[in-house]
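J.: Below is a structure I'd like to ask you about.
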Amino acid sequence: MQRPNAQRPQTSTGSSYYNNPSPNKPNVTNQILENQNDNRINTLTDQVSALKSLTININNEVVSQNNMINGMDDSFVGVGDLLGGTIGKIKTMMDQTGGRHMWYLAGFIILVMTFLYWTMKFRY
């Protein structure tokens, strides 16, 4: 038995106008779609550029703030060392002289600092 060379019929997914436009008629629909795609691509390009600029600015700000925080940390360590040395010298001076006037002076300084702290706290 011999098989005939039968071809399958071609199926179309849309109308023949959109699949095979006639050469005499300009394809206006495709041109409109291309223009819309170009506009959307330009819009997306602008948005991506804006996001890139924003992320670069955020990165610069983060780096700047990290540098500031590191500088503050170093400053606080220096202040802590300075205060520790000052307290040690005051203790040595009080132990050597043994006078009550140094305790009065230290108490007065603490009282003034506390007063200034509370004044500033309630002022703002």
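Readers should treat all values here as calculations from the given coordinates under stated rules, not as data from a laboratory. Note that the coordinates shown come from a computational prediction; the quantities given were computed from them, not determined experimentally. Using ideal geometry, Cβ is built from the backbone for each residue, glycine included, and neighbour counts are taken over all protein chains shown.
J.: Which residues, taken from region 80-124, are over 42 Å from the mean Cα position of the chain (by Cα) and of a type in the set (Ser, Thr, Tyr)?
T.: Result: 92, 97, 104.
J.: Six or more apart or on different chains, Cβ atoms under 9 Å: show the pairs whose first residue is in region 101-124 and surrounded by 10 or more Cβ atoms within 10 Å (Cβ to Cβ) and whose second is assigned to a helix (DSSP H, G or I).
T.: From region 101-124, the pairs are 102/90; 102/93; 102/94; 103/94; 106/90; 106/94.
J.: Answer yes if at least one residue in region 99-113 is touching a Phe, Trp or Tyr at 6+ places or on another chain (Cβ under 8 Å), among the β-branched types (Val, Ile, Thr) and in a helix (DSSP H, G or I), and no otherwise.
T.: no
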